[in-house]
Amino acid sequence: MSNIKLTEIRKYPANKKWDGFFSVANAEKARSFHEGIPEYENTPLACLSNLAGYLGIKGLYVKDESSRFGLNAFKGLGGSYAISKYIAGLLGKEEISFEEIISPEVREIIKDVTFVTATDGNHGRGIAWTSEKLGVKSVVYLPQGSSRERLENIKALGADASITECNYDDTVRFAKKQAGKNGWVFIQDTAWEGYEEIPANIMLGYTTLALEAFEELGDVRPTHVFLQAGVGAMSGAITGILTSCYGDDSPVITIVEPDRADCIYRTALAADGKLHNVEGDLDTMMAGLACGEPCTIGWKLISAHADFAMSVPEAAAARGMRVLGNPIGDDRRVISGESGAVTAGIVYELLTEESLLGLKKKIGLDENSVILLISTEGDTDKENYRRIVWDGHIPI
């Protein structure tokens, strides 16, 4: 897998606003809201000790988000918290509990609200799920090429969902336009100048999983964390909160993207203080990462605290799906989809391929390394999961 590209991230000064926002105290507020949702429970942190031994490292941990809220992905954390903050604002409050939101009094106030978003699948499913629980309407747009299964999963939660004829970033613009046209509330999981409050709250919602992982690790300190990125919202949020948790002892953080949608890598490579987009169809099987325009907030956190950006081929995700789904010995089996497994795949390649020895050394991986990964989704596209893992399909 020689066409892996790696660049060091030029460190920019920390942004006081966003560093302060992604504090442990604020993350605890988000988790407190999530804890009030009946379906809430910590997702498992798999200790893959046998795989770590095979790869010649000290430890390998995978936070498995496939059981989150029954949605098979982590995204419900962000959408639910951002919607709670929007409703709290309507009531003149800073925070609101889930119990308050579903009360008859609040339901009456929000009954005519419609939430609209664009999604590659998981975020839209989270918005639809939250809206259904609150008894309000949701409209969800998916980009061209989205799988029918992801569309139907969103429709099953009561959303008015459809697939557009444009790529992800243009679908976001279309959803925003529809929100303005129809008086809907636009709940999007990426930010740009002038649209940051709601995305920031979505990102803060993601930090619940990082707090869980931090506590589940206990005295074990990861030396390296690999985070997958689409727009960089999740990876930026987790980078921010891990920096808050570990301080000066923070792990080496590497951001991983598909080479067909590597806007964070291109932005890091240019190192000119500007955001760099990827145009075109963004045709990657890593649907959750098929995004061509970086999130402004995510990049500010990544550029201040992450260490490397990596652009990888489709085969990395396929490798990760197979490795996690076929454990060694009594390691926990992790069913991970294309976007969830790519970091496991690239770690496996870095630690087993002699041709990647230079990259391995640059990142600082050795026998003392303890690696933390996040499997952000399960088999959200079951047909493709079977093609990759059962049938041995090799994506090009």
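The values are calculated or read from the model by the stated rules, or taken from the named source; none is laboratory data. Just so we're clear, the structure is a prediction, and the values are computed from it rather than from any experiment. Neighbour counts are summed over all protein chains in view; Cβ atoms, including those assigned to glycine, are modelled from backbone coordinates with ideal geometry.
Before moving on, here are some points about what is shown:
- Which numbered condition Ala268 misses (of (1) outside the structural domain of Tyr86 (by TED's automatic domain parsing); (2) in contact with a Pro (Cβ under 9 Å, 6 or more places away or on another chain)): (2)
- Residue match in region 62-83 (condition: over 30 Å from Ala270 (Cβ atoms), in contact with a Pro (Cβ under 7 Å, 6 or more places away or on another chain), touching a residue at least 40 places away in the same chain (Cβ under 8 Å) and not assigned by TED's automatic domain parsing to the domain that holds Gly135): yes
- When residues of region 247-260 are limited to those that are touching a residue at least 60 places away in the same chain (Cβ under 8 Å) and farther than 17 Å from Ile371 by Cα, the one nearest to the chain's Cα centre (by Cα): Pro258
- Among the residues making up region 257-277, those that are assigned to a loop (DSSP other than H, G, I, E, B) and crowded, with 24+ Cβ neighbours inside 10 Å are Ala261, Asp262.
- Elements of the type helices (runs of 4 or more DSSP H) sitting completely within region 1-94 and holding at least 2 residues that are out of contact with any Gly (no Cβ under 8 Å at 6 or more places or on another chain) and under 30 Å from Ile394 (Cα atoms): these cover 49-55.
- Options Leu209, Leu151, Leu157, Leu204; residue that is more than 23 Å from Gly337 (Cα to Cα), hydrophobic (A, V, I, L, M, F, W, C) and surrounded by 15 or more Cβ atoms within 10 Å (Cβ to Cβ): Leu204
- Residue match in region 69-79 (condition: at pLDDT 95 or above and either of a type in the set (Val, Ile, Thr) or surrounded by fewer than 20 Cβ atoms within 10 Å (Cβ to Cβ) (or both)): yes
Every residue, every condition in (1) in contact with a His (Cβ under 7 Å, 6 or more places away or on another chain); (2) surrounded by 24 or more Cβ atoms within 10 Å (Cβ to Cβ); (3) touching a residue at least 40 places away in the same chain (Cβ under 8 Å); (4) among the basic types (Lys, Arg), yes or no:
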{"site": "Ser303", "(1), (2), (3), (4)": "no, yes, yes, no"}
{"site": "Met310", "(1), (2), (3), (4)": "no, yes, yes, no"}
{"site": "Arg332", "(1), (2), (3), (4)": "no, no, yes, yes"}
{"site": "Gly337", "(1), (2), (3), (4)": "no, yes, yes, no"}
{"site": "Val347", "(1), (2), (3), (4)": "no, yes, yes, no"}
{"site": "Asn368", "(1), (2), (3), (4)": "no, no, yes, no"}
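- Of all residues in region 99-126 being part of a strand (DSSP E or B) and of a type in the set (Val, Ile, Thr), the one that is farthest from the chain's Cα centre (by Cα): Thr114
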